[in-house]
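The block underneath contains the structure these notes are about, expressed in structure tokens.
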Amino acid sequence: MKQFCILILLSAAALEVPAKAPSKAAVVSCLSAQSLSTSIKWNPLPTEEITSEDDYVGGFNAVYYIKWGSAPIGYAERGPVKAVFYSKQLFPIAGALPLTGFDTRPTELDPFAAEWATLAEQNGTYLCISFPYGDLGQSGSFQKNRSAYLLELGNKKGTHVLYSATGNLDALRTNQGQKK
């Protein structure tokens, strides 16, 4: 019985700790494409050299491909299936977890219109892809409507979670107690 209990404890210890979702301040910073808090470190990714690669991995074509350190980061497509990739791992956009407290799932991602960065905070480090909310978010007052994907990067076990968020920047900043 004692050995059985030890085995259960060891098994429980081996289970992965689930990724910690980004804080609301981190998500609003990502949507805004800038740090809105001293606790958030915003680092734009170098997007001067964007490449593409056919049959990148798993039959996906890397439409938007940048190098960040030794890790390839970007956006890939295989027919109607769209994905964000990081270090040869694909994260289908349709599988992104919507973040609590934010509007519906983002509109279609145009990687060339997006702002790419890493975002670091107490909860972890994330790849941030911030972009206008469809055609509405590109002109007039609708420019305050933004969508974002955040990919959790800080997990040492190699598993990552893709999150999604959409919101109106003015409303989110007001709710957060920030000035426009």
### Message
Which one, Val27, Gly74, Thr51, is farthest towards the positive end of the dipole of segment 19-175 when Lys and Arg carry +1 and Asp and Glu -1 on their Cβ?
### Response
Val27
### Query
Taking the Cα centre of segment 47-129 as origin and charging only Cβ (+1 Lys, Arg; -1 Asp, Glu), how large is the dipole, in debye to the nearest 20?
300 debye
### Summary
Any aspartates and glutamates whose Cα falls less than 16 Å from that of Lys20, other than same-chain ones fewer than 8 residues away, would be Glu121, Glu152
#### Entry: Rough spin-label spacing in nm, given labels placed 7 Å along Cα→Cβ, for Thr51 and Ala94
3.0 nm
### Message
Beyond 23 Å, how much of the Cα-Cα pair distribution for segment 19-175 remains, as a whole percent?
### Response
32 percent
### Task
Taking the Cα centre of segment 19-175 as origin, sum charge times position over the Cβ atoms of Lys and Arg (+1) and Asp and Glu (-1), and report the length of that vector in debye to the nearest 20.
640 debye
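Quick note: the coordinates plus some simple rules give every number you see, no bench work behind them. Values in this document were obtained by computation on a predicted structure and should not be read as measured data. Here the Cβ is made from the backbone with ideal geometry for all residues, glycine too, and neighbour counts use every protein chain on show.
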